[in-house]
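A.B. asks: I have a structure here, written as structure tokens, and I will follow up with some questions on it.
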Amino acid sequence: VAANQYEGGWDVDGKGPSAADVVTRGSREKARYVTYRTADGQIHADEMFTLNAPEDAVFGVFEEYDYPSHEAVDGFHRYKEDIALFAEMGFKTYRLSINWSRIFPTGLEEEPNEAGLQFYDNVFDECLKYGIKPLVTLSHYETPLGLTNEWGSWTDERTIDAFMRYVNVVGERYKGKVEYWLTFNEINTLDHGGWMGAGVPSTDPQKIAVAGKNQLIASAKAVELLHQIDANNKVGNMIGFMVYYPLTCNPDDIMACWKEMNTNWFYCDVQARGYYPAYKLKEYEREGIDIRLSEEEKETLRKGTVDFISFSYYMTNCAAEKSDAAESSIGNMSMGFKNPYLKASDWGWQIDPTGLRYALDIMYDRYQKPLMVVENGVGTQDILEEGNVIHDQAHIEYLRDHIKAMDDAINIDGVELWGYTPWGCIDLVSASTGEMHKRYGFIYVDYQDDGTGEGARHKKDSFDWYKKVIASNGEDLD
């Protein structure tokens, strides 16, 4: 889960607003919008993925808009109930994020918010009570809004210092409770606009490149610091991995595919290898982008490489130099062409278990570092039927086929795979559309997009199925 999609309690116990808290609810047909006020007093709402706000924008919450992160699925109040259900399924680990603005409400404070720190103490203690190891993402689309309004968030290198203050506090506080950390969730979302991943209200390539550099420097410093705090800490990155296939065997399509795959590789290359790859530096040179990477910063990147690589995998796409005949596809952070050999989900995401095996194989070959699949799942329109039963066979079939693909990657191809945490273990607010209607979890949460529902938790058919899968370590998939 991600805190902004799960917790709610957006302003409880001293928590400040994050970038996620000013994003409106959307749907398959309606985009999500970011709200702000300009100096003339006018309130604006611009589309999240194409946001280019004026310099005088002050981002905030306004009464006439619906912000799904404010309540989410009320995990803030119901985490004990949820963790007990995870334990009943047999979870060995639980991936969650710390909401940075729950610890430092604006990101600018010198001292942390004790109530926020205590909340995560309670959550981690609840996990450990059941023998569940927390896998903690430090920044999962939850940049404190104060940093955006003060100086443009990650476009300003002072945000690195604010982030390191936060990492130091949580690293020391949860020493012995948390040993597995991820720095930035799907750091490559920056290539699709700056707001969601960095609280940057721009798609300008220069600003995105600088924000990306600052996050990469911060990630490297966080790796070093967490190792210093506790030698047992294992720190990984997190990439939104999108496999592309050439649409045809036309050499132009092969090169188009290579270029698309580099959107996966760039950030991971820096975090796993410790330097900017030549293809990216050439791209910056062609586009007139200056990231001013100093020798000191280069050394920071070299010293702060990750211990393991984690990634999300949902679907694949096809790439082509140009094709008037092919049909476009949609999906997680991507646009491409439909693959005629694949079926698609209710939201048009192409389902491809073999693509997961391929992703594992090429990633392990490229980096020779342990891997984790930390997001994998399918959004479906689950129906709560009489007797509080939910027959989510599509979830079961999707996960079964992808677990088989991981088995092949491990036992046939020799990949070192440390863990698997499906997205999401419980129904959440969708990051891309902001709706509850798109459901991923083993546990149904009775909240609806029209505001109805009391948040009751109900086990889906996949709950008992996945319990059996965990007990058999993936051997029993029937």
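The values are calculated or read from the model by the stated rules, or taken from the named source; none is laboratory data. It should be emphasised that the depicted structure is a prediction, and the values quoted were computed from it without experimental measurement. All Cβ positions, even for glycine, are placed from backbone atoms using ideal geometry, and neighbour counts span all protein chains on display.
A.B. asks: Just one of the numbered conditions (1) at pLDDT below 95; (2) within 20 Å of Gln350 (Cβ to Cβ) is not true of Trp423; which one?
C.D. replies: Only one criterion is unmet by Trp423, namely (1).
A.B. asks: In addition: Within the bounds of region 60-73, is there any residue that is more than 30 Å from Cys127 (Cβ to Cβ), of a type in the set (A, V, I, L, M, F, W, C) and at pLDDT 95 or above?
C.D. replies: Checked region 60-73: at least one residue is more than 30 Å from Cys127 (Cβ to Cβ), of a type in the set (A, V, I, L, M, F, W, C) and at pLDDT 95 or above.
A.B. asks: Quick check, is Asp46 assigned to a strand (DSSP E or B), under 23 Å from the mean Cα position of the chain (by Cα), farther than 25 Å from Leu182 by Cβ and not β-branched (Val, Ile, Thr)?
C.D. replies: yes
A.B. asks: Identify all residues within region 154-172 that are of a type in the set (Lys, Arg) and either in contact (Cβ under 8 Å) with a residue 60 or more places away in the chain or assigned to a loop (DSSP other than H, G, I, E, B) (or both); write none if there are none.
C.D. replies: If the condition is that a residue be of a type in the set (Lys, Arg) and either in contact (Cβ under 8 Å) with a residue 60 or more places away in the chain or assigned to a loop (DSSP other than H, G, I, E, B) (or both), then Arg165 is the only one that fits.
A.B. asks: Out of the residues in region 242-262 that are in contact with a strand residue (DSSP E or B) (Cβ under 6 Å, 6 or more places away or on another chain) and of a type in the set (Asp, Glu), which is nearest to Leu356 (Cα to Cα)?
C.D. replies: Ranking the qualifying residues of region 242-262, first place goes to Glu260.
A.B. asks: Filtering region 173-199 down to residues that are of a type outside the set (D, E, K, R), part of a loop (DSSP other than H, G, I, E, B) and modelled with pLDDT of 95 or more, which residue is farthest from the chain's Cα centre (by Cα)?
C.D. replies: Top of the filtered list is Gly176.
A.B. asks: Right, another one. Among (1) of a type outside the set (Asp, Glu); (2) without any contact (Cβ under 8 Å) to a residue 24 or more places away in the chain; (3) more than 23 Å from Thr155 (Cβ to Cβ), which single condition is Ile309 missing?
C.D. replies: Status for Ile309: all satisfied but (2).
A.B. asks: Is one or more of the residues making up region 125-143 part of a helix (DSSP H, G or I), under 14 Å from Gly9 (Cβ atoms) and in contact (Cβ under 8 Å) with a residue 40 or more places away in the chain?
C.D. replies: No, region 125-143 has no match at all.
A.B. asks: Give the residues of region 262-284 that are farther than 20 Å from Val306 by Cβ and in contact (Cβ under 8 Å) with a residue 40 or more places away in the chain, sorted by residue number.
C.D. replies: Tyr284
A.B. asks: Please verify whether Met335 is of a type in the set (A, V, I, L, M), farther than 25 Å from His192 by Cα and either at pLDDT below 90 or in a helix (DSSP H, G or I) (or both), treating the condition exactly as stated.
C.D. replies: no
A.B. asks: Given the condition buried (at least 21 other Cβ atoms within 10 Å of the Cβ) and either of a type in the set (D, E, K, R) or without any contact (Cβ under 8 Å) to a residue 12 or more places away in the chain (or both), answer yes or no: does some residue in region 37-46 qualify?
C.D. replies: no
A.B. asks: Does Ile330 meet the test of being among the aliphatic types (A, V, I, L, M) and either in a loop (DSSP other than H, G, I, E, B) or modelled with pLDDT of 95 or more (or both)?
C.D. replies: no
A.B. asks: If you go through region 362-403 one residue at a time, how many are in a loop (DSSP other than H, G, I, E, B), among the charged types (D, E, K, R) and touching a Pro at 6+ places or on another chain (Cβ under 7 Å)?
C.D. replies: Number satisfying all stated conditions: 0.
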